[in-house]
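Everything below concerns the one structure shown next.
The values are calculated or read from the model by the stated rules, or taken from the named source; none is laboratory data. Because the structure is predicted, anything quoted here is derived from the model rather than measured. We place every Cβ from the backbone using ideal geometry, glycine too, and count neighbours over all the protein chains shown. With ligands, DNA and RNA removed, areas are computed over all heavy atoms of the protein, side chains included. Shrake-Rupley method; radii C 1.70, N 1.55, O 1.52, S 1.80 Å.
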Amino acid sequence: MSQKRALITGITGQDGSYLAEFLLQQGYKVIGMVRRTSTVNFDRIKHIQDDIEVVQGDLLDQSSLIEILRDYRPQEVYNLAAQSFVPTSWKQPVLTGEFTALGVTRILEAVRNVDPTIRFYQASSSEMFGKVQEVPQTEKTPFYPRSPYGVAKVYGHWITVNYRESYNLYACSGILFNHESPRRGLEFVTHKITHAVAKIKLGQAKDLHLGNLDSKRDWGYAGDYVRAMWLMLQPGQPDDYVVASGETHSVREFCELAFDHVGLKWEQYVVQDPAFMRPAEVDHLIGNPAKVSQVLGWKPSVSFPQLVQMMVDADLETLKKDGA
Ligand code: NDP
Ligand code: GDR
């Protein structure tokens, strides 16, 4: 049998790097789409750079997407590229809509025109539930997004469903709850906390400024969540799935565990700072992973405390190496 080919948009991001590793392990040829920048930023994929094919393209540029599909003929496309930081979506709402919403239509159009047998994964988000209408959230919970990012993701979700229903594409929307790792961008709250904890422990920082400590998230490990993306595209019918741990924890609890892990008390270091509060907040996310577990056999392997410890330990190690 010839080698399977998968295209990943957003391969330089957290999830792209884990998904690429996972697909390489499954024997895929991995094609990663990157946008042109004046300096390359391959930090998360430099360890696998020789094993993957990196191609230039942009979700803003329809013809680049068509050309990549024509040249590389992937059987699976994972659309992970997006403007993914929620606060930025209030500062750059139009750009967020271009990447995160319309970008999905551009790539779906490319799939439809070049090869409608391609199996397509769309990176949808629990941010679509926003002001939650039901607890826990399932595939049937109505959406109520609370940021331009959440609104853009609702568009991406429905256009994926619509192309499945209109053109019979094998298109799936994975509604993933927050997933983290040592490769998470430093602006997201988990990595911001663990990085600060490591710095404080090593005497390189004094405090940590955060916004809303009460908001609750259903946090999992990114390495587990990319496996669910792949499972959705394997034989069977295309469908949409919530992927979550089924547990929820507050930002405060995350701080407590992270500081505890290095023997410090979080209350002595965390400063609440209005600068990090959002114009509209998503207060309470908790997903129900029953469907993905029953239909696809997916289960997470890393618990919440293990995730926090993994991230703190990784930050301590990196900072010590940098200092040495
Ligand atoms: P990251 O922010 O780490 O990565 C985003 C990726 O998108 C980067 O590779 C970035 O490239 C790329 N990108 C941004 N704009 C464009 C563009 N116009 N053209 C091409 N590439 C572009 O996100 P994550 O890995 O955390 O998330 C992956 C996807 O999953 C995103 O769509 C996100 O919204 C979604 N999601 C994430 C969740 C999470 O908890 N991590 C939960 C639910 C959904 P560059 O390196 O050049 O910036
Ligand atoms: P989120 O992740 O918005 O859920 O989106 P983030 O880690 O940014 O925020 C989680 C919660 O923490 C609160 N918070 C802070 N957040 C940040 N970034 N910085 C702070 O200082 C801070 N203090 C408190 C926030 O208010 C929020 O309630 C992530 C992204 O990966 C999206 O792309 C993805 O779709 C969703 O997860 C699921």
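When the residues of segment 25-40 are filtered to those that are among the hydroxyl-bearing types (Ser, Thr, Tyr) and more than 9 Å from ligand 1 (Cβ to nearest atom), the one that is modelled with the highest pLDDT is Tyr28.
Of all residues in segment 148-160, those that are closer than 13 Å to Leu95 by Cα and in the same structural domain as Asn79 (by TED's automatic domain parsing) have Cβ atoms under 6 Å from Cβ atoms of residues that are more than 12 Å from ligand 2 (Cβ to nearest atom) and open to solvent by less than 30 Å² (accessible area, probe 1.4 Å), 6 or more apart or on another chain, in Ala152/Gly97; Ala152/Ala101.
Quick one: is Ser250 in contact with a strand residue (DSSP E or B) (Cβ under 8 Å, 6 or more places away or on another chain), without any contact (Cβ under 8 Å) to a residue 40 or more places away in the chain and not charged (D, E, K, R)? Here the answer is yes, as Ser250 does meet what is asked. What number of residues within segment 118-145 satisfy the criterion of being farther than 22 Å from Ala81 by Cβ and open to solvent by 10 Å² or more (accessible area, probe 1.4 Å)? Counting residues in segment 118-145 that are farther than 22 Å from Ala81 by Cβ and open to solvent by 10 Å² or more (accessible area, probe 1.4 Å) gives 11.
Scanning segment 277-305 for residues that are assigned to a helix (DSSP H, G or I) and either in contact (Cβ under 8 Å) with a residue 60 or more places away in the chain or hydrophobic (A, V, I, L, M, F, W, C) (or both) turns up Ala290, Lys291, Val292, Val295, Leu296, Phe304. Residue-level check: of (1) in the same structural domain as Val132 (by TED's automatic domain parsing); (2) more than 13 Å from ligand 1 (Cβ to nearest atom); (3) within 21 Å of Gly130 (Cα to Cα); (4) of a type outside the set (Gly, Ala, Ser), Pro238 misses just (3). Taking the criterion of being touching a Lys or Arg at 6+ places or on another chain (Cβ under 8 Å) and over 24 Å from Thr138 (Cα atoms), the residues of segment 82-126 that qualify are Pro87, Trp90, Val114, Asp115. Candidates are the residues of segment 257-276 that are over 25 Å from Gly220 (Cβ atoms) and within 10 Å of ligand 2 (Cβ to nearest atom); the one that is least open to solvent (accessible area, probe 1.4 Å) is Asp273.
Quick test for you: out of Gly246, Gly236, pick the one residue that is at positive phi and modelled with pLDDT under 95. It is Gly236. Do you know which of the residues in segment 1-29 that are closer than 16 Å to Gly223 by Cβ and open to solvent by less than 10 Å² (accessible area, probe 1.4 Å) is farthest from ligand 2 (Cβ to nearest atom)? Filtering segment 1-29 for residues that are closer than 16 Å to Gly223 by Cβ and open to solvent by less than 10 Å² (accessible area, probe 1.4 Å), the one farthest from ligand 2 (Cβ to nearest atom) comes out as Leu23. Take the conditions free of Cβ contacts under 8 Å to residues at least 12 places away in the same chain and within 21 Å of Thr318 (Cβ to Cβ) and apply them to Gly223. Does it pass? The answer is no for Gly223. The residue list Leu169, Leu202 contains one member that is in contact (Cβ under 8 Å) with a residue 12 or more places away in the chain and not assigned by TED's automatic domain parsing to the domain that holds Tyr18, which is Leu202.
Within the option set His191, His209, His195, being in the same structural domain as Ala280 (by TED's automatic domain parsing), assigned to a strand (DSSP E or B) and either open to solvent by less than 30 Å² (accessible area, probe 1.4 Å) or not polar (S, T, N, Q) (or both) holds for one residue only, His209. For segment 82-104, taking the residues that are among the aliphatic types (A, V, I, L, M) and open to solvent by less than 40 Å² (accessible area, probe 1.4 Å), the one that is nearest to Gly13 (Cα to Cα) is identified as Ala82. Looking only at residues in segment 146-184 that are open to solvent by less than 10 Å² (accessible area, probe 1.4 Å) and small (Gly, Ala, Ser), the one that is nearest to Ile11 (Cα to Cα) is Ser181.
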